[in-house]
Amino acid sequence: MEDHHKMQSDSCDPDRPTHPGTFPTCEAGRSDHQPAERSVDFPVSVVLPAGGTGERTGLQTPKQFCLFMGRPLISYTIQAFERVSWIQTIVVVVAKEHMDLMTDIVQQFQHTKVRVVPGGSTRHRSIYNGVLAVGEEERPKVVLIHDAVRPFVEEEFLYKIAMAAKQQGAAGAIRPLVSTVIATTSEGYLDHSLERAKYRASEMPQGFTYDVIYQAYQKCSESDFEFGTECLHLALQYCGTNAKLIQGPPTLWKVTYKRDLAAAESIIKDTLSRSACVITGGSAQAVTLAGALQKAVGALNMELAVIPDLTGENGGYLLKDWNFIQVSVNRSCLSEVEALLTDLEAAKQALLHPLVVILVLLSGSDELSVSGRAVEPEAIMDLASAAKLRNILLYGIQLHQSK
């Protein structure tokens, strides 16, 4: 959390920031990065404290509301949780003066799992308000607490925290310390330093069974509410629950300073440009082409997933920040891409940022055929014009194959 994060170096290093979308390439015809299948058979809710003023960024607008590509940072964080099917409710806790702003963000970007509640005068008071809110209806088994300005959290790590919290009562993310921590005297001289290898930075997300975090706040002191920041400490001190600590990925870094805002935007843009999903329709020719594409992009440090369609388990790809390549070798090419555009619209992907869809038509003749009729380029252009209105950029490429 914040106090522990202050101990880390403010300079650039290999651990912060890092690219959340860079993965090794995989063999032709399959992807080693299928959307994670996670089975969570207990209710999980999320509390996102977002009442910070952003003083360290030096900006008038709190950092959680700063815009990237026309969209607030907090919306990216919410999206990361909304895409997790086993998360039921997301409670966003904001300062009272920002309630209307947050409500407008929820409506504009069509966040469906979110409830907005007013925060308190301190971080712990705000989190407690969020805990009370998630328990007003059906109490969840596990509550995840996460900073609104950590947008790059992934489902796999959320699953680890949720499962550990259910088993242990509390769980939290940790990261190695980057800089050595020192103590100073009242006169401003060095007192002593800590052995860095023995200590870790406490990060987010953290998870608790509802009973543990609720009882911890019920029992904690006014001093804790006023000056404390570490939820795991409250669980240990007031409930005797010793949290399971899990090494988190470097993508958990927090937007703290003004330059972090630019870094976050750069990562989001870079992620969108470095990953794509190839849909082959099960065609052998399309799979062969996809394999060639994977080899070509391997040197570019891009991720290229290859799937036959978007049905069943593969439907999870609609929820990833990827572009799409539809390879078609049959007469239903336009209907295939129309179905893809409809699916993307239903998943609200294009609402959040512009997507690119490339239709690759494998043809042995000079004409494209749909249902036995020749298709003029205008047909694809009309479809592209309609897609652009939905914030999707559609391109068509025809590849002629010879025997």
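Here are the numbers for this structure:
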| item | result |
| --- | --- |
| In segment 166-191, residue modelled with the highest pLDDT [restricted to those that are touching a strand residue (DSSP E or B) at 6+ places or on another chain (Cβ under 9 Å) and of a type in the set (D, E, K, R)] | 166 |
| Residue 210 vs. criteria in contact with a Lys or Arg (Cβ under 7 Å, 6 or more places away or on another chain) and either closer than 30 Å to residue 131 by Cβ or in contact (Cβ under 8 Å) with a residue 24 or more places away in the chain (or both) | yes |
| Unique residue being assigned to a loop (DSSP other than H, G, I, E, B) and β-branched (Val, Ile, Thr) when the list is 306, 278, 297, 255 | 255 |
| Flag if residue 219 is at pLDDT 95 or above and among the basic types (Lys, Arg) | yes |
| Some residue of segment 11-25 being more than 29 Å from residue 135 (Cβ to Cβ), open to solvent by less than 20 Å² (accessible area, probe 1.4 Å) and either part of a helix (DSSP H, G or I) or modelled with pLDDT of 50 or more (or both) | no |
| Test set (1) hydrophobic (A, V, I, L, M, F, W, C); (2) in a helix (DSSP H, G or I); (3) touching a Ser or Thr at 6+ places or on another chain (Cβ under 7 Å); (4) open to solvent by less than 50 Å² (accessible area, probe 1.4 Å) - residue 337 fails condition number | (3) |
| Residue list for segment 309-323, filter: in a loop (DSSP other than H, G, I, E, B) and touching a Cys at 6+ places or on another chain (Cβ under 6 Å) | 322 |
| Selection from segment 324-334 of residues that are open to solvent by 20 Å² or more (accessible area, probe 1.4 Å) and touching a Cys at 6+ places or on another chain (Cβ under 9 Å) | 325 |
| Members of segment 183-200 found to be open to solvent by less than 100 Å² (accessible area, probe 1.4 Å) and acidic (Asp, Glu), listed by number | 191 |
| Output for segment 192-237, where each listed residue is touching a strand residue (DSSP E or B) at 6+ places or on another chain (Cβ under 7 Å), polar (S, T, N, Q) and closer than 16 Å to residue 170 by Cβ | 202, 206, 209 |
| Which numbered condition residue 214 fails, given (1) buried (at least 18 other Cβ atoms within 10 Å of the Cβ); (2) within 30 Å of residue 262 (Cβ to Cβ); (3) more than 24 Å from the chain's Cα centre (by Cα) | (2) |
| Residues satisfying the stated conditions in segment 354-380, i.e. modelled with pLDDT of 60 or more and within 13 Å of residue 337 (Cα to Cα) | 356, 357, 358, 359, 360, 361, 379, 380 |
| Tally, over segment 301-323, of residues that are open to solvent by 60 Å² or more (accessible area, probe 1.4 Å), more than 27 Å from residue 385 (Cα to Cα) and touching a residue at least 24 places away in the same chain (Cβ under 8 Å) | 2 |
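The values are calculated or read from the model by the stated rules, or taken from the named source; none is laboratory data. Note that the coordinates shown come from a computational prediction; the quantities given were computed from them, not determined experimentally. Cβ: placed from backbone, ideal geometry, glycine included. Neighbour counts: every protein chain shown. The accessibility values were calculated without ligands, DNA or RNA, using every heavy atom of the protein model including side chains. Shrake-Rupley method; radii C 1.70, N 1.55, O 1.52, S 1.80 Å.
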